[in-house]
Amino acid sequence: MLTDVPPRKANRAGFLESDRIRTLDLPGDGRLPSISTSIELAMKSEATEEVRRLCTHFLSAASELYKVPSCTVRVLAARPLRVRERGTFELFGDYHPETSLIRVWMRTAVRKEITSFGTFVSTLCHEFCHHLDFQKFGFSDSWHTRGFYERAAVLYHHARGTPLKKLFWVPVAGGRWRIDWQRTNRGA
Ligand SMILES: [Zn+2]
């Protein structure tokens, strides 16, 4: 995971705010984890229609939770080889702010295999966090900042019921950051 290049001037304040917000309020109930467990089962049995229905259910529950207008989701079969989203390559999904439409792909591009459940849910949470950037935080754009990735991780681990890891970042050229996976996995 690599953050976007910080924008110059106009959008800088929003970018820094996005970078600063490192967490999301989480619900005390098990609604999202329970829907995600159902998604896992539906993916295992390749029940595509059921996966579609559950993704809609997951996103409307999440939208309700964060008191934002709901977004729509299209669950597609094999993803295109390259999906260009805001200048970055995102291989498993995208989000269009004008239509609040999330697209996620269930199969890999080349071998047409089912995407792993972890990757799929992580993508769903990632794209939903783009939705939150516009609808909850009111940012003029939705950048991949450290805060963005951390918010997406908080939601993902809640949805899967897995422990949240502290993410360690290393600066790279151009004012960007990447995750230091060694330290992150070690936890120190
Ligand atoms: Zn993204």
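The values are calculated or read from the model by the stated rules, or taken from the named source; none is laboratory data. A quick note: this is a predicted structure, and the numbers were derived from the prediction, not measured. Every residue, glycine as well, gets a Cβ built from its backbone with ideal geometry; the counts of neighbours run over all protein chains shown. Keep in mind that these areas ignore ligands, DNA and RNA; they rest on the heavy atoms of the full protein, side chains included. Shrake-Rupley method; radii C 1.70, N 1.55, O 1.52, S 1.80 Å.
Hey, for a label at His57 modelled as a point 7 Å past Cα toward Cβ, could you say which residues of the stretch 118-160 have their backbone N under 20 Å away? Within reach of a label on His57, which here means backbone N under 20 Å from a point 7 Å along Cα→Cβ, the stretch 118-160 contributes 118-126, 128, 156-160.
Per residue, the chain reaches -14000 deg cm²/dmol at 222 nm when only DSSP H runs of four or more residues are counted, each adding -39500 (n - 2.57). Running Debye on the chain with equal point scatterers at the Cα sites and no solvent, what base-10 log of I(q)/I(0) appears at q = 0.09, 0.19 Å⁻¹? Cα-only, vacuum Debye calculation for the chain: -0.32, -1.46. The three principal axes of the Cα atoms in the stretch 124-177 give end-to-end lengths of 35, 27, 15 Å, sorted in falling order.
Annotation: the antiparallel percentage among DSSP beta bridges lying fully within the chain is about 65.
Working note: Karplus 6.51/-1.76/1.60 with θ = phi - 60° gives the stretch 10-24 the couplings 2, 9, 4, 4, x, 4, 5, 5, 4, 5, 6, 7, 9, 9, 10 Hz, where Gly and Pro are set to x. Multiplying the residue separation of Tyr66 and Lys112 by 0.36 nm and removing their Cα-Cα distance gives an extension gain of 13.1 nm.
The accessible area of Lys136, taken with all protein chains in place and a 1.4 Å probe, comes to roughly 90 Å².
Could you look at the chain and say what percent of its accessible area is carbon and sulfur, using a 1.4 Å probe and all protein chains? Heavy-atom surface of the chain belonging to carbon and sulfur, 1.4 Å probe: 52 percent. When the alpha carbon gyration tensor of the stretch 1-53 is reduced to an equivalent ellipsoid, the three semi-axes, largest first, read 36, 17, 9 Å. When the chain is treated as a GNM with alpha-carbon contacts under 10 Å, the residue of Ala77, Ala42, Ala13 showing the greatest mean-square fluctuation is Ala13.
Accessible surface area normalised per residue over the chain is 52 Å², counting heavy atoms of protein chains with a 1.4 Å rolling probe. Computed from point charges on the beta carbon alone (+1 for Lys and Arg, -1 for Asp and Glu), the dipole magnitude for the chain about its Cα centre is near 560 Debye. Look at the dipole of the chain built from charges on Cβ: of His57, Gln182, Leu167, the Cα furthest out on the positive end belongs to Gln182.
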